[in-house]
Amino acid sequence: MSFDRTLFEPEHEAFRDSVRGFLEKEAVPHTARWEAEGMVDRSFWKLAATQGLVAFSAPEALGGAGLRDFRFNAVLNEEVVRTGTVGDGFSLTNDIVLPYFLDIADAEQQQRWVPGIVKGDSVIAIAMSEPGTGSDLRAIKTTARRVGDGWRLSGSKIFITSGIQADLVIVAARIPDEDGGGFGLFVVEAGQDGFERGRKLDKVGRKAQDTAELFFNDVHVSSGNVLGTPGEGLHYMMKNLAQERLSMSVVAVASAEYAVDLAVEYGKERTAFGKPIGSFQANKFALAELSTKVSIARVFVDRCIEVHNAGDLSPADAAGAKFWTTELEFEALDRCLQLFGGYGYMDEFEVSRRWRDARVQRIYGGTNEIMREIVGRSLGL
């Protein structure tokens, strides 16, 4: 943008400098290996935790920094994008899953689980999607039935981020009418009888993030591992989806900004027919339009962050931000790759990975078609 952002205070920029230095030293050199191995080292996660980058919004009494200010989350997400750090561990943990443990878990559960999350000892995940059930959470078929002092969980999940490494998995399940009805959230711990991990899924992009199938074969979940009130699970999930979609929007805008910067730099350096390719009107106009769109998106998302910090971000606004920014992200990266020509299609060029990684943004967190439906309904249509 041609003008300064007003969203951040000095403490956020100091945090940004710290995050960037850490990622450049501890993550960037390992990117290629993590991509090849299909997983980010667990040792990196624990190291990030020692730097205060994991679950920093947790209360100080539970080991966190008490920073329930989404601007810190945004800074971290932006620097992950700008440094090219692979893996979705930070946004998944800090933005998507941790709020369930902070806002729904009772005091005993928080004492039992949150300190380990803050230390990086416990990797967390949430299991919503199922074979045949993606954006339509009401179609979940995994069931939880009351048995004695707890629940019996049966079903399967798919596309679960951090599913291979997760120590604590929040499982969304349908509760039969005879057991109270509705949906519930059940915390399954690694090693429990009947809990099995399937294959690590081979994806088009985001290859360093382990994504798995999970199976629950009559897993016994004690009453102490139920989050919140049984039957209210759908309400809890819908409440947290606004922050999840805002997180994705932050990533999308940062990614689009990076793509435009990369394309402009390359357009100045690469020549064809004796002149820089960026000077050709087709390329110049395309980049001018993208640069303007990204600036508009940045202002809108920054405003969404302010509104979210005030507790007022609506589901419709979060959905609108998610679909518009992720569409823009892919448009920017696709134009950037096109500008690079054949080189852009080579894995050795960074733009190819970023292009592949961006594609799923329009799918997960609720497909962009569903996001448009949410916005449309908010208009009374």
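The values are calculated or read from the model by the stated rules, or taken from the named source; none is laboratory data. Since the structure is predicted, the reported quantities are computational estimates derived from the model, not experimental observations. For neighbour counting, all protein chains shown are included, and Cβ atoms are generated from backbone atoms with ideal geometry for every residue, glycine included. SASA here: full protein model, heavy atoms, side chains in, ligands and nucleic acids out. Shrake-Rupley method; radii C 1.70, N 1.55, O 1.52, S 1.80 Å.
Please give the direction-averaged projected area of the C-alpha convex hull for the stretch 167-243, in square nanometres with one decimal.
Hull-based average projected area comes out at 6.6 nm².
Nearest 10 degrees, 0 to 90: what angle lies between the long axis of helix 107-119 and the longest principal axis of the chain (Cα atoms)?
Helix 107-119 sits roughly 40 degrees off the main axis of the chain.
Need one number: the % of Cα-Cα pairs in the chain sitting beyond the 37 Å mark.
The proportion of pairs with Cα distances above 37 Å equals 20 percent.
Regarding the stretch 68-152, what are the three Cα extents along the principal axes, ordered largest first, in Å?
Taking max minus min along each principal axis of the Cα atoms, the stretch 68-152 gives 49, 35, 22 Å.
Compute, for H220, the solvent-accessible surface of its heavy atoms (probe 1.4 Å) with the complete set of protein chains present, and express it in square angstrom to the nearest 10.
80
To check my understanding: the extent here is largest minus smallest coordinate of the Cα atoms along each principal axis. What are those three numbers for the stretch 17-121, in Å, largest first?
41, 27, 20 Å, listed from the longest principal axis down.
Rounded if a/c is under 1.5, else prolate if a/b is larger than b/c, else oblate: which is the stretch 308-369, with a ≥ b ≥ c the root eigenvalues of its Cα gyration tensor?
Since a/c reaches 1.5 and a/b is larger than b/c, the shape of the stretch 308-369 is classed as prolate.
If the reach is capped at under 16 angstrom between alpha carbons, list the lysines near K239, excluding any in the same chain fewer than eight residues apart.
Once the sequence-local lysines are set aside, what remains near K239 is K322.
Name the lysines eligible as straight-distance cross-link partners of K268: C-alpha to C-alpha under 25 Å, and not fewer than 8 places from it in the same chain.
Correct list for K268: K284, K293.
What number results when the radius of gyration of the stretch 102-204, computed over Cα atoms, is divided by 2.2 N^0.38 Å?
So the stretch 102-204 has a normalised radius of gyration of 1.11.
Determine how many Å³ per residue the convex hull of the Cα atoms of the stretch 18-70 encloses.
91
What are the ³J(HN,Hα) values, in whole Hz, obtained from phi via the Karplus relation 6.51 cos²θ - 1.76 cosθ + 1.60 with θ = phi - 60°, for each residue of the stretch 307-312 in sequence order, with x given for Gly and Pro?
Along the stretch 307-312, the couplings run 5, 5, 4, 7, x, 10 Hz.
Provide Rg and Dmax in Å for the stretch 247-374, with only Cα atoms included in the calculation.
According to the Cα coordinates of the stretch 247-374, Rg and Dmax are 15.9, 55 Å.
In whole Hz, with x marking every Gly and Pro, tabulate ³J(HN,Hα) for the stretch 35-43 from phi via Karplus 6.51 cos²θ - 1.76 cosθ + 1.60, θ = phi - 60°.
4, 5, 7, x, 6, 7, 4, 5, 4
How high is the relative contact order of the chain, in percent, with contacts defined as C-alpha pairs under 8 Å that are six or more residues apart?
Result for the chain is 15 percent.
For V147, list long-range residues whose amide hydrogen, built 1.01 Å from N in the peptide plane, is under 5 Å from its own amide hydrogen.
R152
Mind listing the long-range amide H neighbours of V171? Cut-off is under 5 Å, sequence gap 5 or more, other chains count too, H placed in the peptide plane at 1.01 Å from N.
Here the answer is A127, F186, V187, V188, since their amide H atoms fall under 5 Å of that of V171.
Whole-Hz ³J(HN,Hα) for each residue in the stretch 171-180, computed from phi via Karplus 6.51 cos²θ - 1.76 cosθ + 1.60 with θ = phi - 60°, x for glycine and proline: what do you get?
These are the phi-based 3J(HN,Hα) values: 10, 8, 9, 7, 9, x, 4, 5, 10, x Hz.
Identify, among L153, I363, F300, the residue whose Cα sits farthest towards the positive end of the charge dipole of the chain, taking +1 on the Cβ of Lys and Arg and -1 on the Cβ of Asp and Glu, with the dipole about the Cα centre.
I363
For the chain, what is the mean residue ellipticity at 222 nm derived from helices alone (per DSSP H run of n ≥ 4: -39500 (n - 2.57); sum divided by total residues; nearest 500 deg cm²/dmol)?
-15500 deg cm²/dmol
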